[in-house]
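As structure tokens, the structure follows; a few thoughts come after it.
The values are calculated or read from the model by the stated rules, or taken from the named source; none is laboratory data. Just so we're clear, the structure is a prediction, and the values are computed from it rather than from any experiment. Note that each Cβ is placed from the backbone with ideal geometry, even for glycine, and that neighbours are counted across all protein chains shown.
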């Protein structure tokens, strides 16, 4: 390394298996100290050996050898890289068809999340359409807070070579925070609001930030997928590669503990409402959640907060109607120490063929009898 001008010595990192503590690591150290009076590396990373799914050493006689080139030919380089990144290399690293199948599932979840983000940003340019933070919807601010926490967590894991913890955090974010919550909630706003409305552009602003930071964090791991995704971002299409971009920084000004605590209560209500809706679905009362009206009975303190977010509640629960009432009005036997109770009923009105919500205004307009008043207004805006 000292003979190559483009490199520097000592090395940043030595990487080898755990058997080299008394081998290459030690011999390099002894020679360097004797010759140069300093260690040949700034850090050392040791890893276990690759074994089969049962923890046995790979052997041709056992027929349990997994050839990386065969995995590459069958599944692609990114699957092989993702498998290596998901494994805790501090001990021996297992590989098998079953483990690779789970890796493919994780990859598919991440890739599908990226596809959804890209698919909803086709008409968005952050320089022209970006919504300032103070004008964003609360759930958009919540997701920015969670995203910045993720960037902080993944960065710390990467800096400490804990790649498996980094990819686990990203996978959990894609599965829980995005797929199961945010992207599900956003569909109504993305698909039914006027294209240039502040609500839709607020969602797209956050989706764009999430997409960029997510792809950048994935770029050292699933390198080809990240590059492919980066060059599909409308405002990045003229760039050469994601690998020429900087690692994302954590914007701590967007981390909002008070907002996260407030939304913990809303998430608790959402979980209980979903459970109650599913029970009614099993009974045959409901088909989808949009056929439901949710009545939430809450104590006075919570009721004030819920009433300030009545419109967001309908979006969060993905139901057609939400009714808020005082807990004292709840006639059934209350659960012990409960601060809210939930009743599920069939939504009032008819189904709007555009947004699929049930609304009393459907049928009230002679020109558009099959859609609700909100969609009529949205269509009017989109034609301007």
Does residue 176 count as surrounded by fewer than 19 Cβ atoms within 10 Å (Cβ to Cβ) and closer than 28 Å to residue 89 by Cα? yes
Scan segment 161-171 and give yes if some residue there is more than 18 Å from the chain's Cα centre (by Cα), touching a residue at least 24 places away in the same chain (Cβ under 8 Å), buried (at least 16 other Cβ atoms within 10 Å of the Cβ) and farther than 28 Å from residue 354 by Cα, otherwise no. yes
Having 1 or more residues that are exposed (fewer than 14 other Cβ atoms within 10 Å of the Cβ) is the bar; report the helices (runs of 4 or more DSSP H) wholly within segment 3-88 that clear it. 24-36, 68-75
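Can you work out which of the residues in segment 35-53 that are in contact (Cβ under 8 Å) with a residue 12 or more places away in the chain and over 32 Å from the mean Cα position of the chain (by Cα) is farthest from residue 9 (Cα to Cα)? Working first, answer last.
Within segment 35-53, the first condition is being in contact (Cβ under 8 Å) with a residue 12 or more places away in the chain, and the residues that meet it are 38-53.
Going one step further and asking which of them are over 32 Å from the mean Cα position of the chain (by Cα), we end up with 38-44.
Working: 38: 10, 39: 10, 40: 7, 41: 8, 42: 9, 43: 12, 44: 14 Å.
If we take residues in segment 35-53 being in contact (Cβ under 8 Å) with a residue 12 or more places away in the chain and over 32 Å from the mean Cα position of the chain (by Cα), then 44 is farthest from residue 9 (Cα to Cα).
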Counting only residues that are in contact (Cβ under 8 Å) with a residue 12 or more places away in the chain and more than 21 Å from the chain's Cα centre (by Cα), segment 98-130 contains a total of 7
Just checking, how many residues over segment 211-232 are touching a residue at least 40 places away in the same chain (Cβ under 8 Å) and buried (at least 20 other Cβ atoms within 10 Å of the Cβ)? 10
Here the residues within segment 293-320 that are in contact with a helix residue (DSSP H, G or I) (Cβ under 7 Å, 6 or more places away or on another chain), closer than 16 Å to residue 341 by Cα and not in a helix (DSSP H, G or I) are 294, 296, 297, 298, 299
Looking at 286, 324, 313, which one is crowded, with 16+ Cβ neighbours inside 10 Å, touching a strand residue (DSSP E or B) at 6+ places or on another chain (Cβ under 6 Å) and within 21 Å of residue 134 (Cα to Cα)? 313
Working only within segment 145-193, note down all residues that are more than 28 Å from residue 43 (Cβ to Cβ) and either touching a strand residue (DSSP E or B) at 6+ places or on another chain (Cβ under 6 Å) or in a loop (DSSP other than H, G, I, E, B) (or both). 193
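Please find, among 63, 119, 76, the residue that is more than 20 Å from residue 52 (Cβ to Cβ) and outside the structural domain of residue 196 (by TED's automatic domain parsing). Break it down into steps so the answer makes sense when it comes.
Numbers: 63 fails: more than 20 Å from residue 52 (Cβ to Cβ); 119 fails: outside the structural domain of residue 196 (by TED's automatic domain parsing).
One residue alone meets the criteria, 76.
Taking residue 201 as the residue in question, decide whether it is in a helix (DSSP H, G or I) and out of contact with any helix residue (DSSP H, G or I) (no Cβ under 8 Å at 6 or more places or on another chain).
On the way: in a helix (DSSP H, G or I): yes; out of contact with any helix residue (DSSP H, G or I) (no Cβ under 8 Å at 6 or more places or on another chain): no.
For residue 201, the condition - in a helix (DSSP H, G or I) and out of contact with any helix residue (DSSP H, G or I) (no Cβ under 8 Å at 6 or more places or on another chain) - is not met.
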Is at least one residue of segment 240-253 in contact with a helix residue (DSSP H, G or I) (Cβ under 6 Å, 6 or more places away or on another chain), at pLDDT below 95 and either outside the structural domain of residue 212 (by TED's automatic domain parsing) or crowded, with 16+ Cβ neighbours inside 10 Å (or both)? no
